[in-house]
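The values are calculated or read from the model by the stated rules, or taken from the named source; none is laboratory data. Keep in mind that this is a model prediction, so the values were computed, not measured. Cβ atoms come from the backbone with ideal geometry, glycine included; neighbour counts cover every protein chain shown.
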Amino acid sequence: MSERRSIVLAERPAGHPTEDNFRLEKGPVPEPGEGEVLARILWLSLDPYMRGRMDAAKSYAAPVELGAVMEGGCVGQVLASNDPRYAQGDYVTGQFGWTSHGVLKGDALRKLDPAKAPLQYALGALGMPGLTAWVGINRILEAKTGETVVISAATGAVGSLAGQLAREKGCRVIGVAGGPKKCAHAESELGYDVCLDHHAAADGQAMADRIAEAAPGGVDCYFENVGGKTLDGVLPNMNVGGRIALCGVIAWYSGANLDDATPLPKVWRTILVNRLRVQGFIIFDHFDQFPHFVDEVAPMLADGRLRYREDVTEGLENAPKAFLSMLEGGNFGKTLVKVAD
């Protein structure tokens, strides 16, 4: 059997991560124990939450230990199984990490049918990013017909689906993305009513002016993925009784830009005066909604009501570079690494 290749956390980042924080290691392919399954990894998902796992600070999940394989969802093909529910050749998805071969308990896996959808969809539109978008729009924001919804990171894995789901509910949908190309895609392919290029706004006030122009009646719902000047621009435009789904703050993950952030007392006053409901959510708390999500979203993907774009990097060894690019907004769609054919 071929050797196992893995990307491990070599050192914790000080500020923005670099390729030096990662290391490629090689070793023997592991053997599955009792109740375990060995899989050859085909696809690896790269997601912003992984940045937090690189730090030692306490969070909603344990950090990756130094020298350990980086955390990550994967699609793989079963090579050997000690769980009767899985047979050699089956396709599965699970948190194997940044590796070419992984072992997990059968209870930690979900079997995939390649005839129903492309396998990698289990990491995107029909996986955690899709579920995040669906929960945010339907359960957290409770977006309603006729409301105005703003989506940050509008063309990313989560944002692109969140915007389309809001559109399907009859909302006016405003996207915020980085660059004319992404904004053109948001409007022409994803159905956003308008998309604002945050690169064209010098600061939060400039962003607020652009949002006010795009939403003269104010904003009812905000799907927050980035923080930074986009949040500063949305807050003063929120309507009384508005809702904010706090999914991520990628602009602040490495501790950058915090000095330019709106002071907390001012944010607090805006929330009070406008009686806003701000709810943070971690998708791991909502996995019980997965069947409802798939039942609703899978047909929408199949009939073309939802469009989905992938940003694919070839080769496990290139995962660190792709991950860093994603954190800087260099991806265009769901970030994936094709590990093997």
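Can you confirm whether GLY175 is buried (at least 24 other Cβ atoms within 10 Å of the Cβ), over 30 Å from GLU31 (Cβ atoms) and at pLDDT 95 or above? Quick ask: steps written out before the conclusion?
On the way: buried (at least 24 other Cβ atoms within 10 Å of the Cβ): yes; over 30 Å from GLU31 (Cβ atoms): yes; at pLDDT 95 or above: yes.
When the stated conditions are applied, GLY175 passes them.
Considering only the range 41-59, state which residues are surrounded by fewer than 21 Cβ atoms within 10 Å (Cβ to Cβ) and either of a type in the set (Gly, Ala, Ser) or more than 30 Å from GLU328 (Cβ to Cβ) (or both). Answer for the range 41-59, where residues must be surrounded by fewer than 21 Cβ atoms within 10 Å (Cβ to Cβ) and either of a type in the set (Gly, Ala, Ser) or more than 30 Å from GLU328 (Cβ to Cβ) (or both): GLY52, ALA56, ALA57, SER59. Report yes if ALA68 is farther than 19 Å from PRO320 by Cβ and of a type in the set (A, V, I, L, M), otherwise no. No: the conditions fail for ALA68. Within the range 1-28, the residues that satisfy the criterion of being buried (at least 17 other Cβ atoms within 10 Å of the Cβ), of a type in the set (A, V, I, L, M, F, W, C) and out of contact with any helix residue (DSSP H, G or I) (no Cβ under 6 Å at 6 or more places or on another chain) are VAL8, LEU9.
Take ASP288 and decide whether it is over 21 Å from ALA157 (Cβ atoms), part of a helix (DSSP H, G or I) and among the charged types (D, E, K, R). Here the answer is yes, as ASP288 does meet what is asked. Taken over the range 270-290, residues that are more than 14 Å from LEU126 (Cα to Cα), within 18 Å of the chain's Cα centre (by Cα) and in contact (Cβ under 8 Å) with a residue 12 or more places away in the chain amount to 6. Annotation for the range 239-247: no member residue is assigned to a loop (DSSP other than H, G, I, E, B), loosely packed, with under 13 Cβ neighbours inside 10 Å and on the phi > 0 side of the Ramachandran plot. For ASP220, the conditions (1) part of a strand (DSSP E or B); (2) farther than 22 Å from LEU161 by Cβ; (3) not aliphatic (A, V, I, L, M) are fulfilled apart from (2). Condition check for GLY218 on (1) within 17 Å of LEU276 (Cα to Cα); (2) modelled with pLDDT under 95; (3) among the small types (Gly, Ala, Ser): one failure, at (2). One residue stands out in the range 136-159 among those that are among the polar types (S, T, N, Q) and more than 19 Å from ILE211 (Cβ to Cβ): the one that is nearest to the chain's Cα centre (by Cα), namely ASN138.
For the range 31-48, a residue qualifies if it is touching a strand residue (DSSP E or B) at 6+ places or on another chain (Cβ under 7 Å) and either in a helix (DSSP H, G or I) or closer than 18 Å to GLN120 by Cα (or both), and the qualifying residues are ALA39, ARG40, ILE41, LEU42, TRP43, LEU44, SER45, LEU46. Determine which member of the set GLY127, GLY97 is within 20 Å of the chain's Cα centre (by Cα), closer than 25 Å to GLU3 by Cβ and of a type outside the set (S, T, N, Q). Matching residue, one of GLY127, GLY97: GLY97. Contact map, the range 316-330: first residue modelled with pLDDT of 95 or more, second residue part of a helix (DSSP H, G or I) and hydrophobic (A, V, I, L, M, F, W, C), Cβ cut-off under 7 Å, separation 6 or more or different chains; pairs are PHE323/MET50.
When the strands (runs of 3 or more DSSP E) confined to the range 75-125 are screened for residues that are more than 16 Å from ALA298 (Cβ to Cβ), assigned by TED's automatic domain parsing to the domain that holds GLU31 and of a type outside the set (D, E, K, R), those reaching at least 1 such residues are found at 91-94, 101-105.
Scanning the range 211-238 for residues that are charged (D, E, K, R) and in contact with a helix residue (DSSP H, G or I) (Cβ under 8 Å, 6 or more places away or on another chain), we see that the one that is surrounded by the most Cβ atoms within 10 Å (Cβ to Cβ) is LYS229. Each residue in the range 1-30 was checked for being part of a strand (DSSP E or B) and touching a Pro at 6+ places or on another chain (Cβ under 8 Å), and 3 pass. Look at the range 291-311: where a residue is closer than 13 Å to PRO129 by Cβ and a partner is part of a strand (DSSP E or B), sitting 6+ places away or on another chain with Cβ atoms under 9 Å, you get TYR308/LYS334; ARG309/LYS334; GLU310/LYS334; GLU310/THR335; GLU310/LEU336; ASP311/LYS334; ASP311/THR335; ASP311/LEU336.
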